[in-house]
Amino acid sequence: MKLAKFALSCDGVKVTSLEQLKEHFNLLDILEHYKSGTLSRWLRSRGYENELQGIEAINATEDAEILNALCGVFGIEADLETISAILEEHAQEQERAKAEVKAQSLIPLAPKEQALIPTITQNALVTPPPPPHTQTPTQPSETLVSHYKTLEERSWDYKALKYKLLNAKGLVTGKATLKELLKGYADFLGKDKNEIADHLGALTKNKNGDRQAFRALLFYLLASPVFKASELEKAWIEKLQIAGTIEELADMLSMDRYTEICEITLDFHALQTQAHDFGKIVCFASIDFSFGIEPMDENNQPLKHIPLWLFITRTLKIKGKSFAGQSFGLGERTLQYLELDL
């Protein structure tokens with residue numbers, strides 16, 4: 001079966017040919033696409049077998065060596081010293097950005113300046129309060145000081161990651177940042193989630209940015225565990241601009257609709273008493289939930305759906321109804337789904 005072609009985001013350009021890739025060969029973007037497997041999928045979908053075999057043969061583990069090998073595969077002139085210098089400069093830029101966020105949070109703003117900063121940015125610059133305690137000791141214990149430093153350091157890291165998410169250069173880096181936030185800073189993210197969803201929604205309309213990437217990031221945020229099914233707002237879902245097919249969602253997420261849309265056949269009779277665990281968060285396309293059939297999670301709670309016909313869950317149970325002593329719509333049913341890797 002022929003693979004669906006998709007554009008590869010590189011250096012801010014939607015690349016659709018090998019010539020374009022060489023013209024817009026951004027080392028940092030290429031490295032991320034290589035690590036995520038997106039580069040291999042793109043080459044395979046476009047029929048560039050020689051280049052695909054070339055990158056599959058790379059066995060280097062260090063970023064500089066990987067990029068040096070990738071440059072060789074695509075005929076890009078760049079020596080190892082130059083590549084290492086670019087990677088080092090990028091690492092320093094990340095550190096400077098993190099330091100700048102920390103430094104800005106320590107500078108009080110005049111009222112007029114404060115009014116010019118978007119609410120979400122203002123919140124990102126608020127210094128976290130010290131942990132609560134019943135009294136203020138004259139000489140804080142080591143435990144208290146250690147706890148405060150840990151909280152403070154996590155707060156700085158969270159602010160830097162949030163800034164990186166809202167200024168993502170593409171889906172690859174944006175999703176990696178979101179996963180890092182979900183893994184290590186879900187407590188902070190849970191407090192800011194509505195404002196971040198608003199901000200990502202606004203970015204889907206920004207003509208100067210990668211609107212598809214921000215639609216995908218908004219989808220991933222809404223699909224993540226920080227949001228309950230009842231917390232999703234209609235305005236956010238409308239900004240996704242998805243009619244409701246699993247193929248359309250795969251395209252928006254830059255996933256291959258032929259190789260990454262999975263199928264599974266489940267016994268809906270059995271699902272009335274025993275939940276199926278997909279092993280990770282998935283999005284499945286709705287089958288005909290008629291005759292009173294309702295999809296639920298293992299705790300008998302309604303599933304999150306984005307939009308109406310795409311359901312998000314890790315576990316699946318079925319609530320069915322009988323009519324005149326007959327159960328309709330049960331038995332074996334086949335679902336199509338995408339693994340969201342969150």
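Tabulated values for the structure
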{"quantity": "Residue within segment 247-261 that is assigned to a helix (DSSP H, G or I) and farther than 23 Å from S40 by Cα present", "calculated": "no"}
{"quantity": "Qualifying residue in segment 294-303 (condition: touching a helix residue (DSSP H, G or I) at 6+ places or on another chain (Cβ under 8 Å), among the polar types (S, T, N, Q) and modelled with pLDDT of 90 or more)", "calculated": "yes"}
{"quantity": "Residue check, K317 surrounded by 16 or more Cβ atoms within 10 Å (Cβ to Cβ), over 27 Å from E238 (Cα atoms) and either modelled with pLDDT of 80 or more or within 20 Å of the chain's Cα centre (by Cα) (or both)", "calculated": "yes"}
{"quantity": "Segment 34-57: number of residues that are outside any helix (DSSP H, G or I) and farther than 15 Å from G75 by Cα", "calculated": "3"}
{"quantity": "Of the criteria (1) in a helix (DSSP H, G or I); (2) in the same structural domain as T334 (by TED's automatic domain parsing); (3) surrounded by fewer than 16 Cβ atoms within 10 Å (Cβ to Cβ), which one I264 fails", "calculated": "(1)"}
{"quantity": "Leading residue by the ranking (surrounded by the most Cβ atoms within 10 Å (Cβ to Cβ)) among those in segment 1-43 that are among the basic types (K, R) and either within 24 Å of E93 (Cβ to Cβ) or at pLDDT below 90 (or both)", "calculated": "R41"}
{"quantity": "The one condition in (1) modelled with pLDDT of 85 or more; (2) surrounded by fewer than 18 Cβ atoms within 10 Å (Cβ to Cβ); (3) in contact with a strand residue (DSSP E or B) (Cβ under 9 Å, 6 or more places away or on another chain); (4) farther than 23 Å from S230 by Cβ that L253 fails to fulfil", "calculated": "(2)"}
{"quantity": "T334 in a strand (DSSP E or B), at pLDDT 90 or above and either more than 30 Å from R41 (Cβ to Cβ) or of a type in the set (S, T, Y) (or both)", "calculated": "no"}
{"quantity": "Members of segment 48-89 found to be within 16 Å of K35 (Cβ to Cβ) and among the acidic types (D, E), listed by number", "calculated": "E56, E62, D63, E65"}
{"quantity": "Neighbours by Cβ (under 6 Å, 6+ apart or cross-chain): first from segment 255-272, farther than 15 Å from L340 by Cβ; second among the polar types (S, T, N, Q) and surrounded by 14 or more Cβ atoms within 10 Å (Cβ to Cβ)", "calculated": "E263/Q336"}
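The values are calculated or read from the model by the stated rules, or taken from the named source; none is laboratory data. This one's a predicted model, so the numbers in the text were calculated from it and none came from an experiment. Here the Cβ is made from the backbone with ideal geometry for all residues, glycine too, and neighbour counts use every protein chain on show.
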